[in-house]
Amino acid sequence: MVSTNPLVLIGPGSEWFWSMLQLVVVAVSLLGLYRQVRLQTSASAIEQADALSREWASERLNRSRFAVLRYVRDNQDWVNVPVQPSNVIGDFWERVAYLVRKGHVQRDIVSAYLGSAVELWWVILGPYARQLRQSQNDAAIYEHFEWLAGIMAEMDRRAGQAAGFDQTTLTQRIAYSLQVSGDAIRAAEELRAVPPLSPTAPDIPLRTEPTSGDFAHAD
């Protein structure tokens, strides 16, 4: 059926038109707001991933990883690892895990960028953490770190990926990680040793920083 009444857009009888127009405006506004939130969420996710990757790739953490990995490789001792570099690594993962647990960092981001590293480092530092809990009588030591490693392993299983490390895989990962951290440390030292390009001040003597060695084993 077709109405024979004329369409009224202005004045009495036009209420239907303005109500519909308001609905359209609200819908468009909601769509724009949704797109803005999605963009902000994506930007935040990228910032989170970049920040985590930068810190994990920092010289401080590379030196800490190198010291622990070399000790484990040479001594096959997973409990009496060097304390200071072990705490640097454990504190990093504890902080990341706490942020994930509280919803400030998306677990998908950690899984995509650092998931296998979380699992590997809990395997390496887990015995040290359990011994520390016992000696300090504090079951909360690195509890978030352990939780995150379990979450990453569960996500791997759901994705059909093998979770955990057998002895062969673990040995290979340790050797590979040692090489990566060693290369990163050497690259950082070489950058500090390069004279700065300063054509406006050619007479300023070059000051080079001493090359620091690996961490000594903590008492």
*Please calculate how many Å² of accessible area segment 40-122 carries per residue, with a 1.4 Å probe and no DNA, RNA or ligand atoms counted.*
48
*Determine the shape class of segment 124-189: with a ≥ b ≥ c the square roots of the Cα gyration tensor eigenvalues, call it rounded for a/c under 1.5, and otherwise prolate if a/b is greater than b/c, oblate otherwise.*
oblate
*Integer Hz, Karplus 6.51/-1.76/1.60 couplings in order for segment 179-186, x for Gly and Pro*: 5, 4, 5, x, 5, 5, 5, 4
*Sort segment 65-144 into rounded, prolate or oblate with this rule: let a ≥ b ≥ c be the square roots of the eigenvalues of the Cα gyration tensor; rounded if a/c is under 1.5, and if a/c is not under 1.5, prolate when a/b is larger than b/c, oblate otherwise.*
oblate
*Inter-site label distance for Gln76 and Ala112 at 7 Å from Cα along Cβ, in nm*: 4.1
*Between the alpha-carbon centers of segment 68-108 and segment 114-186, tell me the distance in whole angstrom.*
7
_Calculated FRET efficiency for the pair Asp50/His104, C-beta based, R₀ 22 Å, to 0.05_ = 0.90
*asked:* Quick check: net charge around Tyr176, other residues with Cβ under 12 Å of its Cβ, Lys/Arg +1 and Asp/Glu -1?
replied: +2
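The values are calculated or read from the model by the stated rules, or taken from the named source; none is laboratory data. Keep in mind that what you see is a predicted model, and the values were worked out from it rather than measured. Because the Cβ atoms are built from the backbone with ideal geometry, glycine has one as well, and the counts that use them run over all protein chains shown. To get the accessible areas, we keep the full protein, side chains included, count just its heavy atoms, and leave off ligands, DNA and RNA. Shrake-Rupley method; radii C 1.70, N 1.55, O 1.52, S 1.80 Å.
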